[in-house]
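The values are calculated or read from the model by the stated rules, or taken from the named source; none is laboratory data. Every value quoted in this text rests on a predicted model; they were computed, and no experiment measured them. Neighbour counts run over all protein chains shown; Cβ positions are idealised from the backbone, glycine included. For the accessible areas, the whole protein counts, side chains as well, though only heavy atoms, and no ligand, DNA or RNA atoms are used. Shrake-Rupley method; radii C 1.70, N 1.55, O 1.52, S 1.80 Å.
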Amino acid sequence: MEEKNKTSIFAAQDMENLKEKTAKGLFWGAMSNGTTQVLNLVFGIFLARLLTPAEYGIVGVLAIFSAIAGAIQSGGFGTALINLKHATDNDYNSVFWLNICVSSVLYLLLFFCAPVIAVFFKQPCLTFVSRVLFLSLPISALALVSGTYLTKNMMNRELAIISVTALVLAGVTGITLALLKFSYWSLVGQQLVYVIVSDIGRFYYAPWRPSLKIDFGPVKRMFSFCIKLMVTNIINIINQNILTFVFGRLFSISSVGNYSQANKWNSMAHSTISTTINQIAQTVLVSVSDEREREIRVFRKLLRFTAFLSFPAMFGLAMVSHEFILLTIGEKWRDSILLLQVLCVGGAFMPFYILYHNLIVSSGRSDLYMWCNFGQMFVQLSLVLLLYPKGITAIVLAYSGLTILWLIVWQIVGARLIHLRLLDVLKDMLPFLAVSLVVMVVTYISTTGITNLALLLVARILIAALLYAGIMKILQAKVMDECINFFRKKR
C-alpha cells in the first residue's frame, strides 16, 4: 500500500513537472514568436514599400527549391533525435556530418541547375540569384543539429534570443540594401544574414559540439523512420509552395509577387501560433506516449489552446486585410488583398495540422504521416491543374477549402492512433470558431461607417479584441484563465 502511494505521488510530481515545463515552453515560444512576427511585420512593411511585386516575385519563385533542398538536407533526422528519449553525443554527431555531406551535394546540384531554373521561369537573372541564395544550404547545415539540441531540451528562451537577434540584423541588412537600390538582392541578403546569425547563436547556446570521430551507425538505425519523414516534408513543402511555382510559370512575375506578399502575411500570422505549439508539442507528446489517457488529455488541451488563439487571430486578419494592406505597404499591393483574405480563412486551420503531425510522429508512425500528406498533395495538384485557366483567385479559393477539409483526414488518423473521438475534437474547437466568427461579423458591421483607414484599422482591432476577451470571460473559458494566471506569475 505504501509503495502504491509513493508511485502515485511520483506520478503526480511528474505531471506537475510536465505541466510547468510545457507552460514555460509555451511562454517562451509565444514570446519568441510574438516578437518575431512584430519584427517581421515592421521589416516586411518597409521592404514592401521599397520594392515592387515583380522584385518580390524573383525571389518568391525560388522558395520551393530552397525549401525542398532544406528538407532533403535535414532528412527528418532532427525530428528523429527529438523523438529519441535519450539521444547520445554520437547520435548528434552522426546526424551533423550527414547534414554537412548532403548539403554540399545539394548545393552543387542546384548550382549547375540554376540556368535551367532561369529558363523555366523566363527570368535570366535567376541564374546568378539562385546560386547566391542557395548558399544558405551549406551554411545552415553547420548548426542544424545545435538547433535540434536546443529544441529537444526545450531551451526556448535561448531559441527566442537567437531568433530575434537574427531577425533584427537580417531586417536591417535587407532595408539598407533596398535603400541603396539593390532591388531583389536586398531579399537575398536578408535571408543569408538570417542564416549566418542563427548559426552563430545556436553554436553559442548549445553545449553540444561535433567531433571528428564520425560514426554513421546511428543514422543507419534512424533511416527507416527518417526517410518517411523526409518524403513527407518534401510533400508538405510542395503543398505549401506549389501555387507560387505554378503562378511563376503560368502568370506574370508581378502576379507571383502579389500572391507571395499575401501568402507571407498569412503564413506570418498562422506560423506564430504553429511555431509556438511545435516547439513543445512533440517533446511533450513523446513524454506521455506510454499513457494513453494522459496523452489524450494533453493533446486536447493543446487543441483548445490552439483554437483559442488561431481562430480570432486569422479571422481578424481577414477582416482588416483591406485597410492593413493599403495603410502599410500601399496601393501598389491592392491586388493582394482578396488573396490574403481567402488565405487567412484556410490559415486559421493550419496550426491544427502541426498538432496532428506531432501526434503521429511521436507515436512513431511516420508512414501514416507520409501517406496523409501524399494524398493531400495529389488532390491539391489535381485542383491546380483543373482550375488554372480560371485564374489565381479560383486556385487560392480551392486551396484554402482543401486546407480546411483535409483536417478530417488527420482526425481519422488521430482516432486510429489514440482513440481520439471526433465529438471531443469538435467540442474543443467549435466554441472558439463560433465565437470568433460572431465577434468578427459584429465588429465589421459596427465599423462600416468609419471612412478613415487608420481609425478603421485601430477600431476593428480594439473592438474585436475586447469583444472576444469579454465573451471568453463570460463563458468562463478555462484556457484563457490559465493563460492569464501563468503570465501573472511571470511578472
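Scanning the range 159-175 for residues that are of a type in the set (S, T, N, Q) and farther than 11 Å from Leu192 by Cα returns Ser163, Thr165. Scanning the range 193-222 for residues that are of a type in the set (Phe, Trp, Tyr) and within 25 Å of the chain's Cα centre (by Cα) returns Tyr194, Phe203, Tyr204, Tyr205. If you go through the range 174-183 and keep only what is assigned to a loop (DSSP other than H, G, I, E, B) and either among the aromatic types (Phe, Trp, Tyr) or open to solvent by less than 50 Å² (accessible area, probe 1.4 Å) (or both), you end up with Phe182, Ser183.
Within the range 107-127, the only residue that satisfies the criterion of being of a type in the set (Ser, Thr, Tyr) and within 20 Å of Ala141 (Cα to Cα) is Tyr107. Tallying residues that are open to solvent by 20 Å² or more (accessible area, probe 1.4 Å) and either in contact (Cβ under 8 Å) with a residue 60 or more places away in the chain or more than 22 Å from Thr328 (Cβ to Cβ) (or both) within the range 30-41 yields 8. Pick from Asn278, Asn263: which is assigned to a helix (DSSP H, G or I), at pLDDT 80 or above and within 22 Å of Thr36 (Cα to Cα)? Testing whether each residue is assigned to a helix (DSSP H, G or I), at pLDDT 80 or above and within 22 Å of Thr36 (Cα to Cα) leaves just Asn263.
Every residue, every condition in (1) touching a Phe, Trp or Tyr at 6+ places or on another chain (Cβ under 9 Å); (2) of a type in the set (D, E, K, R); (3) open to solvent by 40 Å² or more (accessible area, probe 1.4 Å); (4) not in a helix (DSSP H, G or I), yes or no:
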{"residue": "Phe43", "(1), (2), (3), (4)": "no, no, no, no"}
{"residue": "Phe46", "(1), (2), (3), (4)": "no, no, yes, no"}
{"residue": "Ala54", "(1), (2), (3), (4)": "yes, no, no, no"}
{"residue": "Ile58", "(1), (2), (3), (4)": "yes, no, no, no"}
{"residue": "Phe65", "(1), (2), (3), (4)": "yes, no, yes, no"}
{"residue": "Ala71", "(1), (2), (3), (4)": "no, no, no, no"}
{"residue": "Gly78", "(1), (2), (3), (4)": "no, no, no, no"}
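Answer with yes or no whether Ser310 is under 25 Å from Ile237 (Cβ atoms), part of a helix (DSSP H, G or I), open to solvent by 10 Å² or more (accessible area, probe 1.4 Å) and at pLDDT 80 or above. When the stated conditions are applied, Ser310 does not pass them.
Each row is one residue, and each column tells you yes or no for (1) part of a helix (DSSP H, G or I); (2) more than 18 Å from the chain's Cα centre (by Cα).
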position: Ser336; (1), (2): yes, yes
position: Leu340; (1), (2): yes, no
position: Gly346; (1), (2): yes, no
position: Tyr356; (1), (2): yes, no
position: Val361; (1), (2): yes, no
position: Gly364; (1), (2): no, yes
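Please verify whether Phe245 is open to solvent by 50 Å² or more (accessible area, probe 1.4 Å), under 30 Å from Gly330 (Cβ atoms) and either part of a helix (DSSP H, G or I) or of a type in the set (D, E, K, R) (or both), treating the condition exactly as stated. For Phe245, the condition - open to solvent by 50 Å² or more (accessible area, probe 1.4 Å), under 30 Å from Gly330 (Cβ atoms) and either part of a helix (DSSP H, G or I) or of a type in the set (D, E, K, R) (or both) - is met.
The helices (runs of 4 or more DSSP H) located wholly in the range 115-159 include none with 3 or more residues which are touching an Asp or Glu at 6+ places or on another chain (Cβ under 9 Å), free of Cβ contacts under 8 Å to residues at least 12 places away in the same chain and of a type in the set (Ser, Thr, Tyr). Screening Gly248 with (1) within 18 Å of Ala54 (Cα to Cα); (2) free of Cβ contacts under 8 Å to residues at least 40 places away in the same chain gives one miss only, at (2). Looking across the range 116-173 at every residue that is of a type in the set (D, E, K, R) and more than 29 Å from Ile277 (Cβ to Cβ), the one that is most open to solvent (accessible area, probe 1.4 Å) is identified as Lys122.
Give me the residue from the range 322-356 that is touching a residue at least 12 places away in the same chain (Cβ under 8 Å) and of a type in the set (D, E, K, R) and, out of that set, surrounded by the most Cβ atoms within 10 Å (Cβ to Cβ).
Selected residue: Glu323.
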